[in-house]
Ligand code: ADP
Ligand code: MG
């Protein structure tokens, strides 16, 4: 039977090679792709607005008599069409037009058009409205329907896409697409069949509930939403299944080695740390690759968890790779691990992008030869020329800076003897439950839900930057009592150079204002050795105030610092601010966080700073961040691809997530179905690669 997935869009009237190419940019190659290119919203064009009632910015349908149609020359040549109704005049302006179009407009008496009102040369104008000449009256049977609006690409307009969809729907009539959702599932949620749903969303009948459609709540939409979310979830389960079908080296519990390690720590593990460490140790003992995500709030003590897991690999005669997203963080792990592991006689290697030449060669040799047991560094560890002898465990700290691809690349590193490494992923900040369920469905999760004892709450205040002098005094008095402070500069620009300049300027200002204090500076443009040096001096107490860019955002640990000033906090996300604030409150002194904002704050900006003042709980803050900024921001920019949906919207549709998590495993047995759903909704997006 003909499958619309096998029919290319070129079978449609009016689609030649060039349009086919433009459609391909939207991921539309087959008729099935076209039908699954879904409207992301609707416009209500069922009511004609009187011209006299229009304001700039309105999108509206207008109907009138064509008065004049003339070419005007000016800065840009344009075709100007003046129309009128009983309430006023309106100009339609076209910068691109052809002779036929001009003739048709001239010959017409009535026009109905749709567009956005702008201020123009001749008063209110429509630029390039969609229009219909000699229109049938609205309100005639079958005309009162919503107009779908599709996501577009350059060179394709809405009306064109709509007519293509009409044609594709004719094909659908003859060759329905396969229903991949089982009957019991459709019945349980009372969802309409796929072909009905597709037809309805592309051409809503006059009888359809418009309020539901506008809100994305129509059963036909929800049916497609469900299928899309399900397809995404299945793709992650599929990925997991593929990894779990491979073998991993089972690692022995490190008994005495772990005891020796724990004994030299100046503290004992919290109950939550012990529980999570045990969950990991159990996984690592299996001959299947572990896929585990550890979530814990800032300062919950994830690093020792990573160390314990590493010992299990070392104890089994295998290698561990620990990766952090920034050089500073990796460097800090390097120092911690050296301090912990050197006395135990464990061999370690350091690898970052900045390790070059001969040092790099000998490091690579030690990794490949197996002399290096614990390898710590940045994503440089993912590079092709890094080969391991016996990589049994990969630990990724602060996961959401890494993409899924990088995780996949890692899996390929261990292939020696057909074994793949266990994976331990640690997030920087908690991820709200629903979000974690959809973005990390391929991972098991452990939560460290307890902070080490003795943490003092951090008092957080928001102060306008007009009171900067007062805050400088506060830094002075804190440091005169032997405490230390962070001063964090933020910039919207991604440019490291600009960030560095801003931090340099702040450091000079602070040094001038507080001459009796030692001011240090750290930013992304410094060499690794310089960064390490300044961090070490800060840690040792030789630097009183550390001026930094957001490079210190994650993981940096200096217990004596008890004051942090964050400039322009309104520019950062809540999770990021929470991370920054977590740099203090780690020692015994009472700690403070000053959010030095630049007024005026937006409503939203105020609400966000308020959340931070009210709560110190990373999980609560993450939920609020999700509400205020959406999933892409919470997961970090590199992960946004994870949740790019065609019709589903995370906030609106999160109610489905728990349901899908429950139902999806029941569908996993049918490999044909799973693959068809993934292909239908995710196409050949590289994300899942070939396993
Ligand atoms: P994060 O979870 O943010 O990565 P870290 O692993 O950096 O946290 O730990 C934060 C600080 O807490 C470190 O100084 C660490 O030594 C300390 N720490 C970790 N576990 C405990 C514990 N059980 N008791 C006391 N301090 C601890
Ligand atoms: Mg950490």
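Can you pull the three principal axis extents for the Cα set of segment 22-97, in Å, largest first?
Reported extents, whole Å, longest axis first: 45, 32, 21.
Given axes a ≥ b ≥ c from the Cα gyration tensor, I'd like to know whether segment 183-293 is rounded (a/c under 1.5), prolate (a/b larger than b/c) or oblate.
Because a/c hits 1.5 or more and a/b exceeds b/c, segment 183-293 counts as prolate.
Using a/c under 1.5 as the rounded threshold, could you call segment 71-152 rounded, prolate or oblate? The axes a ≥ b ≥ c are square roots of the C-alpha gyration tensor eigenvalues, and prolate needs a/b larger than b/c, oblate otherwise.
prolate
Bin all alpha-carbon pair distances of segment 259-352 at 10 Å intervals from 0 and give each bin's fraction as a whole percent.
P(r) for segment 259-352, in whole percents per bin: 13, 49, 36, 2.
Please give the FRET efficiency for residue 505 paired with residue 613, using the beta carbon to beta carbon distance and R0 = 35 Å, rounded to the nearest 0.05.
Result of the calculation: an efficiency of 0.80.
Between residue 542 and residue 652, what length in nm is gained on full extension when 0.36 nm per residue of separation is reduced by their alpha carbon distance?
Difference between extended and current length: 34.4 nm.
Figure the gain on full extension for residue 336 and residue 602 (residue separation times 0.36 nm, minus the Cα-Cα span) and round it to one decimal in nm.
This chain segment gains 91.6 nm when fully extended.
In degrees from 0 to 90, rounded to the nearest 10, what is the angle of the helix 158-174 Cα long axis to the longest principal axis of the chain?
Result, in degrees: 90.
Provide the three semi-axes, in whole Å and in decreasing order, of the ellipsoid equivalent to segment 1-152 as defined by the square roots of 5 times the Cα gyration tensor eigenvalues.
33, 20, 15
Just how many % of Cα pairs in segment 252-312 lie over 13 Å apart, if you round to the nearest whole percent?
Beyond 13 Å sits 62 percent of the P(r) for segment 252-312.
With a ≥ b ≥ c the root eigenvalues of the C-alpha gyration tensor of segment 1-44, is it rounded (a/c under 1.5), prolate (a/b larger than b/c) or oblate?
It is oblate, given that a/c is not under 1.5 and a/b is not larger than b/c.
Could you state the angle between the C-alpha long axis of helix 219-244 and the longest principal axis of the C-alpha atoms of the chain, as a value from 0 to 90 degrees rounded to the nearest 10?
Roughly 30 degrees between the two axes.
Please compute the contact order of segment 504-546 in relative form: average sequence separation of alpha-carbon pairs under 8 Å and at least six residues apart, divided by the residue count, as a percent.
41
How much of the DSSP bridge set in the chain is antiparallel, in percent, rounded to the nearest 5?
About 35 percent, rounded to the nearest 5.
When you count, for each residue, the other Cβ atoms within 10 Å and take the mean per peptide, how do 246-254, 180-188 rank with the highest first?
Listed from highest to lowest mean packing, they are 246-254, 180-188.
Order of 359-371, 98-110 by packing, highest average Cβ count within 10 Å first?
My ranking of the peptides, most packed first, is 359-371, 98-110.
How high is the relative contact order of the chain, in percent, with contacts defined as C-alpha pairs under 8 Å that are six or more residues apart?
Normalised by residue count, the contact order of the chain is 13 percent.
Considering the Cα positions of the chain, please state its Rg to one decimal place and its Dmax as a whole number of Å.
30.3, 93
What percent do you get for the relative contact order of segment 279-404 when only Cα pairs under 8 Å and 6+ apart count?
With pairs under 8 Å counted, the relative contact order is 33 percent.
For an R0 of 51 angstrom, estimate the FRET efficiency from the Cβ-Cβ distance between residue 571 and residue 196 and round to the nearest 0.05.
Calculated transfer efficiency: 0.60.
Suppose the Debye formula is applied to equal point scatterers at every Cα of segment 119-249; what is log10 I(q)/I(0) at q = 0.19, 0.20 Å⁻¹?
Ignoring solvent entirely, the Cα scatterers give -1.27, -1.33.
Compute the helix-to-body angle for 327-341: its Cα long axis versus the longest principal axis of the chain, expressed 0 to 90° and rounded to tens.
Helix 327-341 sits at roughly 30 degrees to that axis.
Each reported figure results from applying straightforward, stated rules to the coordinates on display, with no laboratory input. Model, not experiment: these values are computed from the prediction. No Cβ is skipped: glycine too gets one built from the backbone with ideal geometry, and neighbour counts run over all protein chains shown.
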